[in-house]
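**Student:** Would you mind keeping the following structure in view while I ask a few things?
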Amino acid sequence: MAVEYVSRVPRPPLDGLIDDLYYLEGTPPYARLMLPPAPTALLIVNLGAPFRIRGGADLETAEYADGCVVTMPTRAWDFGYPRQTRSVGVHFKPWGLAPFLPMPAAELCDRPVTLEQVWGRSAVAELRERLALADGPGEMLTLLEEELLRRQRETTGLGLSVMRAA
(Lines give C-alpha, C1' and ligand atoms only; values in the text may rest on other atoms or scores of the structure.)
Protein backbone atom coordinates (compact mmCIF):
# COMPACT_ATOMS: atom_id res chain seq x y z
CA MET A 1 0.00 0.00 0.00
CA ALA A 2 1.27 3.47 -0.86
CA VAL A 3 0.98 6.44 1.45
CA GLU A 4 -2.24 8.43 1.36
CA TYR A 5 -1.75 12.05 2.37
CA VAL A 6 -4.67 14.48 2.53
CA SER A 7 -4.11 18.08 3.57
CA ARG A 8 -6.28 21.16 3.92
CA VAL A 9 -6.11 24.67 5.32
CA PRO A 10 -8.53 25.13 8.25
CA ARG A 11 -11.26 27.75 8.21
CA PRO A 12 -10.93 31.04 10.12
CA PRO A 13 -9.88 31.74 12.80
CA LEU A 14 -7.63 28.66 12.80
CA ASP A 15 -6.10 29.57 9.43
CA GLY A 16 -4.18 32.36 11.18
CA LEU A 17 -2.51 29.85 13.50
CA ILE A 18 -2.27 26.71 11.36
CA ASP A 19 -0.68 26.05 7.98
CA ASP A 20 -2.60 22.83 7.42
CA LEU A 21 -4.40 19.86 8.92
CA TYR A 22 -3.40 16.53 7.45
CA TYR A 23 -4.25 12.83 7.30
CA LEU A 24 -1.54 10.23 6.69
CA GLU A 25 -1.99 6.49 6.19
CA GLY A 26 0.01 3.68 4.67
CA THR A 27 3.56 2.45 4.39
CA PRO A 28 6.01 5.34 4.56
CA PRO A 29 8.75 5.29 1.92
CA TYR A 30 11.25 5.80 4.76
CA ALA A 31 11.38 4.35 8.26
CA ARG A 32 13.20 7.25 9.86
CA LEU A 33 13.55 10.99 9.32
CA MET A 34 16.15 13.35 10.74
CA LEU A 35 14.28 16.64 10.98
CA PRO A 36 16.15 19.94 11.30
CA PRO A 37 15.40 22.76 13.75
CA ALA A 38 12.34 24.68 12.61
CA PRO A 39 10.34 27.77 13.59
CA THR A 40 7.09 25.81 13.64
CA ALA A 41 5.33 23.24 15.81
CA LEU A 42 3.61 19.94 15.09
CA LEU A 43 0.76 18.03 16.74
CA ILE A 44 0.03 14.43 15.77
CA VAL A 45 -2.91 12.26 16.84
CA ASN A 46 -1.69 8.71 16.27
CA LEU A 47 -4.26 6.12 15.17
CA GLY A 48 -1.88 3.27 14.38
CA ALA A 49 1.21 1.59 15.77
CA PRO A 50 3.44 3.78 17.95
CA PHE A 51 6.05 5.95 16.32
CA ARG A 52 9.42 6.74 17.86
CA ILE A 53 11.05 10.09 18.51
CA ARG A 54 14.43 11.11 19.79
CA GLY A 55 14.29 14.83 20.40
CA GLY A 56 16.84 17.51 21.10
CA ALA A 57 19.48 16.35 23.56
CA ASP A 58 17.69 13.06 24.40
CA LEU A 59 19.96 10.04 24.26
CA GLU A 60 17.11 7.52 24.11
CA THR A 61 14.26 7.14 21.65
CA ALA A 62 10.75 7.18 23.11
CA GLU A 63 7.55 5.60 21.77
CA TYR A 64 4.44 7.69 21.20
CA ALA A 65 1.29 5.59 21.03
CA ASP A 66 -1.41 8.27 21.38
CA GLY A 67 0.34 11.06 19.53
CA CYS A 68 2.73 13.87 20.29
CA VAL A 69 3.36 17.57 20.40
CA VAL A 70 6.65 19.00 19.19
CA THR A 71 7.18 22.72 19.72
CA MET A 72 9.66 24.79 17.75
CA PRO A 73 12.76 22.58 17.93
CA THR A 74 16.14 24.29 18.20
CA ARG A 75 17.98 21.03 17.52
CA ALA A 76 17.60 18.26 14.97
CA TRP A 77 15.33 15.39 16.01
CA ASP A 78 14.71 11.82 14.86
CA PHE A 79 11.23 10.68 13.85
CA GLY A 80 10.64 6.96 13.20
CA TYR A 81 7.51 5.64 11.49
CA PRO A 82 6.09 2.16 12.09
CA ARG A 83 5.77 -0.13 9.06
CA GLN A 84 2.13 0.91 8.73
CA THR A 85 1.12 4.34 9.94
CA ARG A 86 -2.18 6.17 10.37
CA SER A 87 -2.53 9.61 11.91
CA VAL A 88 -4.01 13.07 11.66
CA GLY A 89 -2.00 16.11 12.51
CA VAL A 90 -1.44 19.83 12.48
CA HIS A 91 1.40 21.88 11.02
CA PHE A 92 1.32 25.14 12.99
CA LYS A 93 2.52 28.56 11.93
CA PRO A 94 5.23 30.08 14.16
CA TRP A 95 3.69 30.63 17.63
CA GLY A 96 0.45 29.02 16.42
CA LEU A 97 0.51 26.16 18.93
CA ALA A 98 0.36 28.42 22.02
CA PRO A 99 -3.46 28.83 22.16
CA PHE A 100 -3.90 25.03 22.34
CA LEU A 101 -1.53 24.32 25.23
CA PRO A 102 -2.27 24.44 28.97
CA MET A 103 1.33 25.61 29.58
CA PRO A 104 3.73 28.04 27.87
CA ALA A 105 5.05 26.51 24.64
CA ALA A 106 8.60 27.44 25.69
CA GLU A 107 8.38 24.81 28.45
CA LEU A 108 8.24 22.15 25.75
CA CYS A 109 11.15 23.41 23.65
CA ASP A 110 13.29 20.50 22.41
CA ARG A 111 11.16 18.10 24.46
CA PRO A 112 8.55 16.16 22.48
CA VAL A 113 5.65 15.18 24.74
CA THR A 114 2.75 12.79 24.39
CA LEU A 115 -0.61 14.23 23.47
CA GLU A 116 -1.90 12.75 26.73
CA GLN A 117 0.55 14.92 28.70
CA VAL A 118 -0.88 18.01 27.02
CA TRP A 119 -4.64 17.34 26.82
CA GLY A 120 -5.15 14.51 29.33
CA ARG A 121 -5.80 10.79 28.95
CA SER A 122 -9.60 10.79 28.72
CA ALA A 123 -9.76 13.71 26.26
CA VAL A 124 -7.21 12.10 23.96
CA ALA A 125 -8.85 8.66 24.19
CA GLU A 126 -12.23 10.16 23.26
CA LEU A 127 -10.74 12.13 20.34
CA ARG A 128 -8.89 9.07 19.03
CA GLU A 129 -12.08 6.99 19.24
CA ARG A 130 -14.11 9.61 17.32
CA LEU A 131 -11.37 9.85 14.69
CA ALA A 132 -11.15 6.06 14.33
CA LEU A 133 -14.92 5.87 13.73
CA ALA A 134 -14.95 8.74 11.21
CA ASP A 135 -15.99 8.12 7.63
CA GLY A 136 -12.77 8.88 5.79
CA PRO A 137 -10.03 11.52 5.84
CA GLY A 138 -12.32 14.49 5.19
CA GLU A 139 -14.48 13.77 8.22
CA MET A 140 -11.38 13.10 10.32
CA LEU A 141 -9.93 16.49 9.44
CA THR A 142 -13.26 18.15 10.28
CA LEU A 143 -13.32 16.42 13.69
CA LEU A 144 -9.76 17.55 14.40
CA GLU A 145 -10.59 21.10 13.34
CA GLU A 146 -13.63 21.14 15.65
CA GLU A 147 -11.49 19.87 18.54
CA LEU A 148 -8.95 22.62 17.95
CA LEU A 149 -11.67 25.28 17.80
CA ARG A 150 -13.04 23.98 21.09
CA ARG A 151 -9.59 24.06 22.73
CA GLN A 152 -8.43 27.41 21.37
CA ARG A 153 -7.91 29.98 24.09
CA GLU A 154 -6.53 33.50 24.40
CA THR A 155 -2.82 33.70 25.12
CA THR A 156 -1.35 36.37 27.36
CA GLY A 157 2.05 37.95 27.56
CA LEU A 158 3.34 38.43 24.05
CA GLY A 159 0.43 40.30 22.51
CA LEU A 160 1.22 38.72 19.16
CA SER A 161 -1.25 38.62 16.36
CA VAL A 162 -0.55 36.12 13.60
CA MET A 163 -1.76 37.37 10.21
CA ARG A 164 -1.34 36.33 6.64
CA ALA A 165 0.34 38.91 4.42
CA ALA A 166 -1.77 40.12 1.51
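**Student:** Return yes when Ala2 is surrounded by 19 or more Cβ atoms within 10 Å (Cβ to Cβ), touching a Pro at 6+ places or on another chain (Cβ under 9 Å), small (Gly, Ala, Ser) and in contact (Cβ under 8 Å) with a residue 12 or more places away in the chain and no when it is not.
**Tutor:** When the stated conditions are applied, Ala2 does not pass them.
**Student:** It is to be established whether one or more residues within region 119-133 are in contact with a helix residue (DSSP H, G or I) (Cβ under 7 Å, 6 or more places away or on another chain), assigned to a helix (DSSP H, G or I) and at pLDDT below 95.
**Tutor:** No; the residues of region 119-133 include none that is in contact with a helix residue (DSSP H, G or I) (Cβ under 7 Å, 6 or more places away or on another chain), assigned to a helix (DSSP H, G or I) and at pLDDT below 95.
**Student:** Hand me the list of strands (runs of 3 or more DSSP E) wholly inside region 1-109 holding 1 or more residues that are β-branched (Val, Ile, Thr).
**Tutor:** Output list reads 4-8, 18-26, 42-46, 51-54, 67-70, 85-92.
**Student:** Please state which one of Gly67, Gly56 is modelled with pLDDT of 90 or more and surrounded by 15 or more Cβ atoms within 10 Å (Cβ to Cβ).
**Tutor:** Going through Gly67, Gly56 in turn, just one is modelled with pLDDT of 90 or more and surrounded by 15 or more Cβ atoms within 10 Å (Cβ to Cβ): Gly67.
The values are calculated or read from the model by the stated rules, or taken from the named source; none is laboratory data. Since we're looking at a predicted model, the values are computed, not measured. Positions of Cβ are generated from backbone atoms using ideal geometry, with glycine treated the same way; all protein chains shown enter the neighbour counts.
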